[in-house]
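Contents: one structure, followed by commentary.
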Amino acid sequence: MLSLKSLGGAGTVTGSKHLLSLGDERILVDCGLFQGLKNLRDLNWQPLPVSPRDIDAVILTHAHLDHSGYLPRLVQGGYRGKVYATPATRDVAELILMDSGHLQEKDAEFFNRHQLSRHQPALALYGVRDAQRAVGHFSTAAFGQTVRLAGGASFRFRPAGHILGAASVDLEWGGRRIVFSGDIGRYDDPLLPDPVPPPEADYILIESTYGNRIHDKADPTEALGAIVDRTIARGGTLVIPAFAVGRAQELLYHFWKLKRAGRLAAVPLFLDSPMAIDATELMSRHMGDHRLDSKTCRQVFAIARYTDDVEASKAISANRFPKVVISASGMATGGRVLHHLKAFAPDARNTILLAGFQAAGTRGRALQEGAPELKIHGLWVPVNAEVAHLDMLSAHADAHELMRWLSACPRPPRKVFIVHGEPEAAEALRIRIGRELGWPAVVPRLDQEFEL
Ligand code: ZN
């Protein structure tokens, strides 16, 4: 009997891990890290309900940490199989996982040095070497290519927009077809292709990050321009937490448009990330996976100053002249952006712009909800800067776009599983699917098992 169990990404946006079992065979779709709330992050340290040794294949929809970040831990735990991904996802995941291993080691070291952890010594969930081993398990499959797995399963990747290389997965096994949406991107995005709708399927798992929200229709370049203008007019700095691969390139594109319109005059723009240069290279290496031609690509990425060493990054924090700084991580859970927030959040002339979804329990969410101070590296930092939030810059479909993607499925599935959303968002989408399409839909709980 084919069964489905969500070991993460159920009732939360993070930790995506969907386990399919048939007889002795097991396939895991996505292998993400829990992020945000402490009780969720603690789950990263709990053993999975299935031994990694007993999983036969992992299929990765895209490289974001909440979909890929548990892979090093899985390999550490004895996983021996392949990790299937599109070529671009493999390359992006390598950057993300190596960076994640590095950050985990750094954090543990920082906590030990300052004796901030209740655990003595504080341990890293995994390190750079574990990340490297995980990358060694990757096996690539192009969009549209049918991959046959041992145990009789086969699957294909379809473009999902969202970030470079992102895919939906349609998988056939035991006489059933199951579609995993992965994270669904925006329609008419300037950089990424439209998400391709699901084929006829027995079951569909759909993400619901913005299941209860509609993005602002305003032109993102204009909205961004207005924020830059008023920050610079105050003599301030604009800090944008954004991951170096994905959102950062999208932001650069809008800044490039502003610059062409003469709007960004003499303000320097920094992409402060050790991965930024690699990320730019990845866009050029995977030309077929995005909409920019090589000339535009070069122009867009030439407008930022890239800083890959720590001293240059510190110089940006110390420099009080007006500027724009894009730095990771996107939800301010770690990375260099924390140093910039420490430096710039206390001054009311500055602006912090949130350009993507901010999961519950992250510093990004605290900022979005108007927190008067933020805890960074064990210290409370006052937030006097303006905090702006532009949903339309998000890499995720809004509720209308999720419905547009789902309703393009040629016939009603037996059931829709709503995953990758906080409870209110998932529930709102469930109600909407029932009301507008009349399809049975359910929001799985963590580790709840379904027979398919
Ligand atoms: Zn994602």
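Some notes on this structure:
- Wholly within the stretch 263-331, strands (runs of 3 or more DSSP E) carrying at least 3 residues that are at pLDDT 90 or above and within 23 Å of the chain's Cα centre (by Cα): 269-272, 323-327
- Residue 134 fulfils the conditions (1) open to solvent by 30 Å² or more (accessible area, probe 1.4 Å); (2) over 27 Å from residue 188 (Cα atoms); (3) touching a strand residue (DSSP E or B) at 6+ places or on another chain (Cβ under 8 Å); (4) among the hydrophobic types (A, V, I, L, M, F, W, C) except for a single criterion, (1).
- Filtering the stretch 173-181 for residues that are surrounded by 24 or more Cβ atoms within 10 Å (Cβ to Cβ), within 16 Å of the ligand (Cβ to nearest atom) and not in a strand (DSSP E or B) leaves a non-empty set.
- Yes/no for residue 77 being more than 16 Å from the ligand (Cβ to nearest atom) and touching a Ser or Thr at 6+ places or on another chain (Cβ under 9 Å): yes
- The one condition in (1) in contact (Cβ under 8 Å) with a residue 60 or more places away in the chain; (2) part of a loop (DSSP other than H, G, I, E, B); (3) aromatic (Phe, Trp, Tyr) that residue 157 fails to fulfil: (2)
- Filter result for residue 110 (outside any loop (DSSP other than H, G, I, E, B) and under 28 Å from residue 405 (Cα atoms)): no
- Verdict on residue 157 being at negative phi, within 16 Å of the ligand (Cβ to nearest atom), crowded, with 21+ Cβ neighbours inside 10 Å and over 17 Å from the mean Cα position of the chain (by Cα): yes
- In the condition set (1) under 29 Å from residue 159 (Cβ atoms); (2) in contact (Cβ under 8 Å) with a residue 12 or more places away in the chain, residue 308 is compliant with all but (1).
- Residue within the stretch 81-95 that is under 13 Å from residue 246 (Cβ atoms), among the β-branched types (Val, Ile, Thr) and within 13 Å of the ligand (Cβ to nearest atom) present: yes
- Under the condition of being open to solvent by 70 Å² or more (accessible area, probe 1.4 Å) and out of contact with any strand residue (DSSP E or B) (no Cβ under 7 Å at 6 or more places or on another chain), the residues counted in the stretch 260-287 number 7.
The values are calculated or read from the model by the stated rules, or taken from the named source; none is laboratory data. Predicted, not measured: the structure shown is a model, and the values here were computed from it. Please note: Cβ atoms are built from the backbone with ideal geometry, for glycine as well, and neighbour counts cover all protein chains shown. Calculation scope for accessible area: heavy atoms of the full protein, side chains included, ligands and nucleic acids excluded. Shrake-Rupley method; radii C 1.70, N 1.55, O 1.52, S 1.80 Å.
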